[in-house]
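All remarks here apply to the structure that follows.
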Amino acid sequence: MDSIADGPQVQVKFVTQQRQFAIPETAIQTPARLRRYGLSQIINLVLQNEGEKQRPFDFLIDGEFLRTSLAEYLEEKNMSTENVLTIEYVESMLPPTPLSSYEHDDWVSAVQAHHPGGFLTGSYDNHVRLWNKQAECTQIMTGHNGAVKAVQWLTSDGDNGTLLSGGLDRSILAWEYSHADNSHSILYECRGHTGGVESISLNATGDKFASGSADATIKIWTTIIPTVSDHIEEVTETRKKRKTVKEDRILKAPISSLTAHTGPVSAVTFSSTSADTLYSGGWDHSVRVWDIENSVNITTKNCEKVVHALDYSQHSGLLASGHADPVVRLWGPRSEDSSVVKQTLSGHQNWVTSVSWSPSSSYLLASGSYDGLIKVWDIRAKGALYTLSHGKASKKVFSIDWNNDILLSGGEDNQMKIHKVQEMTDRAEA
């Protein structure tokens, strides 16, 4: 490293929440010309990291990433070199690496990863596909009469499990499967929607799930496996729209219906910290918070655009939304202000169709867009950390899911793509 005495100096106190990288929190004289790389050298020098042990770090001042030299930062903020800067440092996230892609017969409209069960995909070819941990397609599930728009794991022990799928045929199918003999069967069919099923979410305790539909309603269902069919109130339909129902399927009715949206409900997601708190977004430009126990719409947040996607972070308590514009929006669900967005993330060139928070960090978020790109964000930075290509140029991304160190995506190019992502945590033990 260049001489620490070169040029103007500024007093810096380095702090971190990652205890394995902690150094004494005393102010030291630091060259004002240094940027991220030079500051990383200082941290590694104090930690006595040499050669391959050296780690890259990012630096934050007042909660924002430093992307200039210290001198440029001080000038921008109208501060002098006499100020003592408190700088937080965190281990840098390495770029995600593409692992593989898997061809489908049509658009891949829904993806979900799960440990230890493998992966789920739903496609416009009307099929649900089950993939094992080695990314081998072990089963193709046939039962829908329309495109599959949503998939959701229920239970999995690695070899056996249950899952849900929802489609444009207005039905939700519950499946059981076994990896041991590559078998599967339909447990029951959920009926009650009069429009296509766009989204499914399982609550934190696993005893209920919600479905959002083009019929402008949200249905709440239990995960109890019925032994006989419920009474289903039939809706009068034209012969052209009426679907064929398998007579041997056990039919299940919802336990409640939530009606407040005035257009299709394109996204539902449960809070991961409250089993009775549900978030929904729709074509009526609203994000709504629900108490499903009492079927009450607690809060409504008004947006400028149609809502396509939602995801809730248990770590930050923030709700991310994707819309019919290139902007990702972050909301504080508990805020009583109905229209104030906490933060916006700009960088996509087309509609944002899917969002997924990191399962281990308060700050990391992924988004997929009709521009064919996946962006990985640290919400403390002004721009995306990384931009990933899903597949063929200009092919739309329909669905993404971030689970542990895997980032799945599906899109218009008929591909499920897997990226390996570095697992990051906000705090680490020594």
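Values computed for the structure shown
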| read-out | value |
| --- | --- |
| With every protein chain in place, the chain: carbon and sulfur % of accessible area (1.4 Å) | 46 percent |
| Given K208/K417; K342/K375; K305/K375; K77/K342; K301/K382, the pairs whose alpha carbons are separated by over 28 Å | K208/K417 |
| Relative contact order of segment 294-430, defined on C-alpha pairs under 8 angstrom at six or more residues apart (%) | 16 percent |
| Estimated dipole of segment 109-235 in Debye, rounded to 20 [Cβ of Lys and Arg +1, of Asp and Glu -1, Cα centre] | 280 debye |
| Shape call, segment 157-231: gyration tensor on alpha carbons, a/c limit 1.5 | prolate |
| Protein-only accessible surface order, largest first, of R334, R380 at 1.4 Å | R334, R380 |
| Magnitude of the charge dipole, the chain, Cβ model with Lys/Arg +1 and Asp/Glu -1, debye to 20 | 660 debye |
| Long-range HN-HN contacts of V327 with modeled amide H, under 5 Å | V352 |
| Amide hydrogen neighbours beyond the local backbone of K252, cut-off 5 Å, H modeled | E189, C190, R191, D230 |
| Overall form of segment 300-390 per C-alpha gyration tensor (a/c, 1.5; a/b vs b/c) | oblate |
| Beta bridge orientation in the chain: antiparallel %, DSSP, nearest 5 | 95 percent |
| Residues of the chain: accessible area per residue with a 1.4 Å probe, Å² | 45 Å² |
| For L388, residues with placed amide H under 5 Å, excluding near neighbours | I374, K375, V376 |
| Alpha-carbon Debye profile of the chain, log10 I(q)/I(0) at 0.06, 0.09, 0.10, 0.12 Å⁻¹ | -0.29, -0.61, -0.73, -0.98 |
| Nearest 10 degrees, 0 to 90: helix 36-46 Cα axis against the chain principal axis | 70 degrees |
| HN-Hα J in Hz across segment 213-221 - Karplus 6.51, -1.76, 1.60, θ = phi - 60°, x for Gly and Pro | 9, 5, 7, 6, 10, 10, 10, 10, 10 |
| Farthest positive-ward along the chain dipole, Cα basis, beta-carbon charges - from V352, Q17, I406 | V352 |
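The values are calculated or read from the model by the stated rules, or taken from the named source; none is laboratory data. Note that this is a predicted model, so its numbers are computed, not measured. Here Cβ is always computed from backbone atoms with ideal geometry, including for glycine, and neighbour counts include all displayed protein chains. Calculation scope for accessible area: heavy atoms of the full protein, side chains included, ligands and nucleic acids excluded. Shrake-Rupley method; radii C 1.70, N 1.55, O 1.52, S 1.80 Å.
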